[in-house]
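One structure is given below, encoded as structure tokens.
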Amino acid sequence: MAQIWPIGGGKGGSGKSFLASALGRVLASHGKKTLLIDLDLGAANLHTMIEVPYPEKGFSDFLRKKISSLQDAVVRTPMENLFLISGANDNLDVANLPYEQKLKTMRAISRLDYDCILIDLGAGTSFNTLDFFMISQNGIFVATPEPTSIENIYRLVRAIYFRRIRHYYNAAEFKNLEEQSLLAFGSGASSKPELLMQTVKKIHPQKGFDLERDLDSFKFNLVLNQVRKQDNAEIGRQICRVIERHLGFHILFAGNVSYDDHVHDAICQRVSFLDRYPYTRTANDLRELGKQMMYPAGEQLQILYS
Ligand SMILES: Nc1ncnc2c1ncn2[C@@H]1O[C@H](COP(=O)(O)OP(=O)(O)OP(=O)(O)O)[C@@H](O)[C@H]1O
Ligand SMILES: [Mg+2]
């Protein structure tokens, strides 16, 4: 079964697509059959970063039932072992897919026959992003070491938390739950998923228990990108601690990726950054991250915290 890595982040431009393309290359270079899926629907541009000028087919063909199997939407890239499902050609009307279509897509993704699947997601907290981010327990958050980006990560984690609780209820039940939470905790409850969770535990103890186990099973990772020399190298760990303290959501700090002007040059020239600038610190960071991803979750914990 493929290891699936959704890549999301609260803020546009933090480097999700660049990291997806670069990490995909690292995994492919280690012989892993790797698939990149561009689900930044409405703003898909991953193909440009992996030298596929204009993909002749993609995800929209699957949605519009032009093809019956998601595998048929896959295109080759110039790199051996690296494949793409492009999100280009999609109209803005797919930017918020009906839940049934998302479920169908998620099932189709989990049946694809690859070693590693990386999913590039849109910025922000749209339902598409939240739902696809939870397709696997290994989601990667990408942020830059700036307060605005960090705030957005916090917001994204909080939205994921709310969305997960929402999955356990139908619309009427969830509305009732929110009302109970407001009664118990006042207006602040609407922005604090941990208070909603306390209400769940109080009025539906079994659901509360199941939800807690479910949330605990997620092993989300944080990558800080565009880190400059003068930035505090510890900030990633600090963010994870703050999120854990306030939301009770455990996030692993996976590492920093250094800022390098050559990233811009490589993207403009439509060449692989890793191939053109392999001896930079950024390339080294990316190779290290890719190596960590190849370890199963149990071992990964040890490596990440060593
Ligand atoms: N490590 C880095 N060093 C220097 N520049 C970088 C780095 N990573 C990304 N960038 C710059 O940031 C820009 C945005 O990156 P990218 O398109 O990957 O962001 P994104 O998070 O996918 O944005 P969006 O949310 O709009 O899809 C790139 O065009 C590149 O110029
Ligand atoms: Mg992007």
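Tell me the relative contact order for region 169-245 as a rounded percent, counting alpha carbon contacts under 8 Å between residues six or more apart.
15 percent
Can you pull the one-decimal nm distance between simple spin-label points at Asp214 and Met1, each 7 Å off the Cα toward Cβ?
1.7 nm
Out of region 177-281, which GluC sites (Glu not before Pro) are coil in DSSP terms and have no more than 15 other C-beta atoms within 10 Å? Intermediate results must be reported in sequence, preceding the final value.
Working: sites: Glu178, Glu179, Glu194, Glu212, Glu234, Glu244; in loops: Glu234.
Answer by residue number: Glu234.
Using modelled backbone amide H atoms (1.01 Å from N, in-plane), which distant-in-sequence or interchain residues come within less than 5 Å of Val257's amide H?
Residues meeting the amide H criterion: Leu224, Asn225, Gln226, Val227.
Restricting to the chain, what percent of DSSP beta bridges are antiparallel, rounded to 5?
Here the antiparallel bridges make up roughly 5 percent for the chain.
Given H placed 1.01 Å from N in the peptide plane, which residues other than close sequence neighbours of Lys192 have an amide H under 5 Å from its amide H?
Hits under the 5 Å cutoff: none.
Could you work out which residue, out of Gly186, Gly31, Gly139, moves most in a Gaussian network model of the chain, that is, has the largest mean-square fluctuation with Cα springs under 10 Å?
Top of the fluctuation ranking is Gly186.
What is the diffusion coefficient of region 1-136 in µm²/s, taking the Kirkwood radius over Cα pairs and the Stokes-Einstein relation at 37 °C with a viscosity of 0.692 mPa s?
226 µm²/s
Apply 1/(1 + (r/R0)^6) to the Cβ-Cβ distance of Arg241 and Ala172, taking R0 = 22 Å, and write down the FRET efficiency to the nearest 0.05.
With a Förster radius of 22 Å, E is 0.05.
Which value in deg cm²/dmol, rounded to the nearest 500, describes the helix-derived mean residue ellipticity at 222 nm for the chain, given -39,500 (n - 2.57) per DSSP H run of n ≥ 4 and division by the residue count? All intermediate terms of the calculation are to be shown ahead of the outcome.
Details: 14 runs with 149 residues, N = 306.
My calculation for the chain gives -14500 deg cm²/dmol from helical runs alone.
Given springs between every Cα pair under 10 Å in a Gaussian network model of the chain, which of Asp131, Asp38, Asp72 has the largest fluctuation?
Asp72
Over the chain, with a Gaussian network built from C-alpha contacts below 10 Å, which listed residue (Cys116, Cys268, Cys240) shows the highest mean-square fluctuation?
Cys268
Using alpha-carbon pairs under 8 Å, 6+ residues apart, how would you state the relative contact order of the chain in percent?
So the answer I get is 22 percent.
Would you work out the relative contact order for region 75-178, in percent, from Cα pairs under 8 angstrom that are 6 or more residues apart?
18 percent.
Only four residue types carry charge here, +1 at the Cβ of Lys and Arg and -1 at the Cβ of Asp and Glu. Report the dipole size of the chain about the Cα centre in Debye, rounded to the nearest 20.
440 debye
Local charge sum around Glu178 (other residues, Cβ-Cβ under 12 Å, Lys/Arg +1, Asp/Glu -1)?
Working: positive: Arg166, Lys175, Lys192; negative: Glu173, Glu179.
It works out to a net charge of +1.
Quick check for you: with a 1.4 Å probe and neighbouring chains kept, what is the accessible area per residue of the chain, in Å²?
47 Å²
Place a point 7 Å from the Cα of Ile203 along the Cα-to-Cβ direction; which residues of region 134-167 have their backbone N under 19 Å from it?
Answer for region 134-167: 162-167.
Go through region 172-185 residue by residue and turn each phi into a ³J(HN,Hα) via Karplus (6.51, -1.76, 1.60, θ = phi - 60°); whole Hz please, and just put x for glycine and proline.
5, 4, 5, 4, 4, 4, 4, 5, 4, 5, 5, 4, 6, 10
Extending each Cα 7 Å along its Cβ direction at Tyr295 and Ser187, get the distance between those two points in nm, one decimal.
Placing both labels 7 Å along Cα→Cβ, they lie 4.8 nm apart.
How long are the semi-axes of the equivalent ellipsoid of the chain, taking √(5λ) for every eigenvalue λ of the Cα gyration tensor, in whole Å from largest down?
Its equivalent ellipsoid spans semi-axes of 32, 24, 17 Å.
State the volume of the convex hull built on the alpha-carbon positions of region 152-306, expressed per residue in Å³ and rounded to an integer. Please list the in-between numbers first.
On the way: hull volume 24.3 nm³, N = 155.
For region 152-306, the hull spanned by Cα atoms encloses 157 Å³ per residue.
Tell me which residues come under 5 Å, amide H to amide H, from Gly9 once H is placed; ignore anything under 5 positions away on its chain.
Amide H neighbours of Gly9, under 5 Å, 5+ apart: Gly124, Val142.
With θ set to phi - 60°, apply the Karplus curve 6.51 cos²θ - 1.76 cosθ + 1.60 along region 9-22 and write out the HN-Hα couplings as whole Hz, x wherever there is a Gly or Pro.
x, x, 10, x, x, 6, x, 4, 5, 4, 5, 4, 5, 6
How much of the DSSP bridge set in region 1-152 is antiparallel, in percent, rounded to the nearest 5?
Looking only at bridges with both residues in region 1-152, the antiparallel portion is about 10 percent.
So how do Arg281, Arg228, Arg241, Arg164 rank on accessible area, 1.4 Å probe, biggest first, that is with the largest at the start? Spell out each step's value before the answer.
Numbers: Arg281 165, Arg228 100, Arg241 135, Arg164 50 Å².
Reading off the accessible areas and sorting them downward yields Arg281, Arg241, Arg228, Arg164.
Counting only protein heavy atoms, what percent of the accessible surface of the chain is carbon or sulfur at a 1.4 Å probe?
The value for the chain is 50 percent carbon and sulfur by accessible area.
Report the extension gain between Glu288 and Asp72 in nm, rounded to one decimal, defined as 0.36 nm multiplied by the number of residues separating them, less their alpha carbon distance.
Using 0.36 nm per residue and subtracting the Cα-Cα distance, I get 74.6 nm.
The values are calculated or read from the model by the stated rules, or taken from the named source; none is laboratory data. Here the structure is a predicted model, which means the values were calculated and not measured. Cβ: placed from backbone, ideal geometry, glycine included. Neighbour counts: every protein chain shown. All accessible areas refer to the heavy atoms of the entire protein, side chains included, with ligands and DNA or RNA removed. Shrake-Rupley method; radii C 1.70, N 1.55, O 1.52, S 1.80 Å.
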